[in-house]
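Peer 1: One structure is given below, represented as structure tokens, and several questions about it will come after.
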There are 2 protein chains.
Amino acid sequence: MRVSELVDVSGIPLATIKYYLREGLLMPGDATSATQSTYGDKHVRRLALIRALVDVVGLSVQKTREVLRLIDAPEPDLFETLGRAVALLPPYLDEPADDYPRARAVLTTIGQIYDPRYAAVGQLERALEAAEAAGIPMTGERLRGYAEHVMGIAEIDISSVPTGSAANAVEYSVLGTAIYEPVLAAMRRLAHQDLASKRLAARSTEATG
Amino acid sequence: MRVSELVDVSGIPLATIKYYLREGLLMPGDATSATQSTYGDKHVRRLALIRALVDVVGLSVQKTREVLRLIDAPEPDLFETLGRAVALLPPYLDEPADDYPRARAVLTTIGQIYDPRYAAVGQLERALEAAEAAGIPMTGERLRGYAEHVMGIAEIDISSVPTGSAANAVEYSVLGTAIYEPVLAAMRRLAHQDLASKRLAARSTEATG
């Protein structure tokens, strides 16, 4: 198809498509003349993925380019590739450290590998610091309870990762990690309200009963 | 204590303390002369709370003021007060709607009350829309699995809410809702890596074994 049809099919304006081509996010079409190229399904699929990463997940063009590179040319080690791809998601740490003592203590307690090179280890450290700074540090009891349920959620996530190709696994892992976080956060807030409404209703019944 | 001692005890610069006083976040001290006031423990505690809300949670001064108002003067209905306080946390919706069909379907499926006035209902709607837009809509299976574990997490949270006073319950609910979200997000990413490392290691052992 011509670029004008790609605009119609994808719903993405021509200027944006040209920008993605210039920035190396969208692969070039097949040149049919000095000024025209032809595009196919892979361009439509790629535009949908760029849209998801840029507009829905909120990645910068630079980070999006790095994710797409890992999708197009995964490292031989899939675990390494997945780790590098997911590490491109926010939150970003200002300065990586060699050691994250709070995260180390937490991971040791819940029996998971501590590797400070994982981006999420630094993210956990910062989140634990914030809890301390706010005067509500994580307790061991809360930690063990959280860890059990979080592992249950992660099992669901991992069982949904497509196993056909490394490219699909990387794409799904990046999107699923980012996209379901706000779903889970909203569900947690609603579960709080569900529980609070029942408990406070029970308490006011006791008080008046 | 004098304001200079409040600076020392709290570690917050004088200019910032004066700003919080002007903005009505910090209650005035007891005036001892036309130009001097004396401050006490309640000011130290309030400064720590302001710091947590502004610097750690990242609330605007306006939202912080509204949270503090609900802490200082809770509504007679505690459930209502908690809902209003937690609704001051991000993410904020551009325009509240009368109905959120995706969130309604989800809450019906998992057997929770659907009330579009709850801020988290609009947040869930937006998160579900984003999942659709990214091409990975929530499936019923994922939803039910998530809901079970999220309810387990919420039970832990609710059991930690102090029951002594409405003020303490409001303060804890706002901080705990916001502060543990990034902890849970980082823990989920690390659980993914823990599971993926085991599965991919198992697979490569099969391949070479």
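The values are calculated or read from the model by the stated rules, or taken from the named source; none is laboratory data. It should be emphasised that the depicted structure is a prediction, and the values quoted were computed from it without experimental measurement. Note that each Cβ is placed from the backbone with ideal geometry, even for glycine, and that neighbours are counted across all protein chains shown. Note: accessible area is taken over every heavy atom of the protein model, side chains too, but ligands, DNA and RNA are not part of it. Shrake-Rupley method; radii C 1.70, N 1.55, O 1.52, S 1.80 Å.
Peer 1: B:R102 is checked against (1) more than 8 Å from chain A (Cβ to nearest Cβ); (2) closer than 21 Å to A:D157 by Cβ; (3) out of contact with any Asp or Glu (no Cβ under 6 Å at 6 or more places or on another chain); (4) among the charged types (D, E, K, R) and fails just one. What number does that condition carry?
Peer 2: (3)
Peer 1: Ok, one more. Among the candidates B:E141, B:E132, single out the residue that is at pLDDT 95 or above, of a type in the set (D, E) and either surrounded by fewer than 19 Cβ atoms within 10 Å (Cβ to Cβ) or part of a helix (DSSP H, G or I) (or both).
Peer 2: Working: B:E141 fails: at pLDDT 95 or above.
Being at pLDDT 95 or above, of a type in the set (D, E) and either surrounded by fewer than 19 Cβ atoms within 10 Å (Cβ to Cβ) or part of a helix (DSSP H, G or I) (or both) holds for just one of B:E141, B:E132, which is B:E132.
Peer 1: Which of the residues belonging to region A:1-52 are over 15 Å from A:R69 (Cα atoms), in a loop (DSSP other than H, G, I, E, B) and charged (D, E, K, R)?
Peer 2: The one that is over 15 Å from A:R69 (Cα atoms), in a loop (DSSP other than H, G, I, E, B) and charged (D, E, K, R): A:R2.
Peer 1: Continuing with this model, one more query. For B:A52, are the conditions met, namely being within 12 Å of another protein chain (Cβ to nearest Cβ), in contact with a Gly (Cβ under 8 Å, 6 or more places away or on another chain) and of a type in the set (A, V, I, L, M, F, W, C)?
Peer 2: It is true that B:A52 is within 12 Å of another protein chain (Cβ to nearest Cβ), in contact with a Gly (Cβ under 8 Å, 6 or more places away or on another chain) and of a type in the set (A, V, I, L, M, F, W, C).
Peer 1: Considering region A:128-164 alone, what residues qualify as being charged (D, E, K, R) and under 16 Å from B:G176 (Cα atoms)?
Peer 2: Scanning region A:128-164 gives A:E129, A:E132, A:E141, A:R142.
Peer 1: Being open to solvent by 40 Å² or more (accessible area, probe 1.4 Å) and either assigned to a helix (DSSP H, G or I) or at positive phi (or both) is the filter here, so list the residues in region B:95-110 that pass it.
Peer 2: If the condition is that a residue be open to solvent by 40 Å² or more (accessible area, probe 1.4 Å) and either assigned to a helix (DSSP H, G or I) or at positive phi (or both), then B:P101, B:R102, B:R104, B:A105, B:T108, B:T109 are the ones that fit.
Peer 1: Right, another one. Residue by residue through region A:18-31, note down the ones that are surrounded by 14 or more Cβ atoms within 10 Å (Cβ to Cβ) and either over 16 Å from A:Q62 (Cα atoms) or acidic (D, E) (or both).
Peer 2: A:G29, the sole residue that qualifies.
Peer 1: For B:Y118, only one of the following conditions fails: (1) modelled with pLDDT of 95 or more; (2) buried (at least 19 other Cβ atoms within 10 Å of the Cβ); (3) within 7 Å of chain A (Cβ to nearest Cβ). What is its number?
Peer 2: Every listed condition holds for B:Y118 apart from (1).
Peer 1: Turning to a different aspect of this structure: Can you tell me which condition B:A191 does not meet? The list is (1) under 24 Å from B:A85 (Cβ atoms); (2) of a type in the set (A, V, I, L, M); (3) facing chain A (nearest Cβ under 8 Å); (4) surrounded by 21 or more Cβ atoms within 10 Å (Cβ to Cβ), and all the others hold.
Peer 2: Among (1) under 24 Å from B:A85 (Cβ atoms); (2) of a type in the set (A, V, I, L, M); (3) facing chain A (nearest Cβ under 8 Å); (4) surrounded by 21 or more Cβ atoms within 10 Å (Cβ to Cβ), B:A191 violates only (1).
Peer 1: Still on this structure, I have one more. Of a type in the set (A, V, I, L, M), more than 7 Å from every other protein chain (Cβ to nearest Cβ) and open to solvent by less than 30 Å² (accessible area, probe 1.4 Å): which single residue out of B:V150, B:V183, B:V174, B:V161 fits that description?
Peer 2: B:V174
Peer 1: Please work out if A:I50 is farther than 20 Å from A:D157 by Cβ and in contact (Cβ under 8 Å) with a residue 24 or more places away in the chain.
Peer 2: Yes; evaluated as a whole, the condition is true for this residue.
Peer 1: Considering only region A:32-55, state which residues are open to solvent by less than 80 Å² (accessible area, probe 1.4 Å) and in contact with a strand residue (DSSP E or B) (Cβ under 9 Å, 6 or more places away or on another chain).
Peer 2: Correct list: A:S37, A:T38, A:Y39, A:G40.
Peer 1: Going residue by residue through region B:87-94, is there one that turns out to be open to solvent by less than 50 Å² (accessible area, probe 1.4 Å), over 12 Å from B:V174 (Cα atoms) and not small (G, A, S)?
Peer 2: Within region B:87-94, none of the residues are open to solvent by less than 50 Å² (accessible area, probe 1.4 Å), over 12 Å from B:V174 (Cα atoms) and not small (G, A, S).
Peer 1: Residue under question is B:S197, and the condition is that it be at the interface with another protein chain (Cβ under 7 Å from one of its Cβ atoms), open to solvent by less than 30 Å² (accessible area, probe 1.4 Å) and in a helix (DSSP H, G or I); does it hold?
Peer 2: So B:S197 fits the description; yes.
Peer 1: Given the conditions (1) closer than 30 Å to B:L78 by Cα; (2) in a loop (DSSP other than H, G, I, E, B); (3) open to solvent by 60 Å² or more (accessible area, probe 1.4 Å); (4) not basic (K, R), report the number of the one that B:N168 does not fulfil.
Peer 2: Just one mismatch for B:N168, condition (2).
Peer 1: Also, I was wondering about something else. Considering only region A:74-86, state which residues are in contact (Cβ under 8 Å) with a residue 12 or more places away in the chain and either facing chain B (nearest Cβ under 9 Å) or over 22 Å from the mean Cα position of the chain (by Cα) (or both).
Peer 2: At the first step, the residues of region A:74-86 found to be in contact (Cβ under 8 Å) with a residue 12 or more places away in the chain are A:74, A:78, A:81-86.
Selection gives A:L78, A:L82, A:G83, A:V86.
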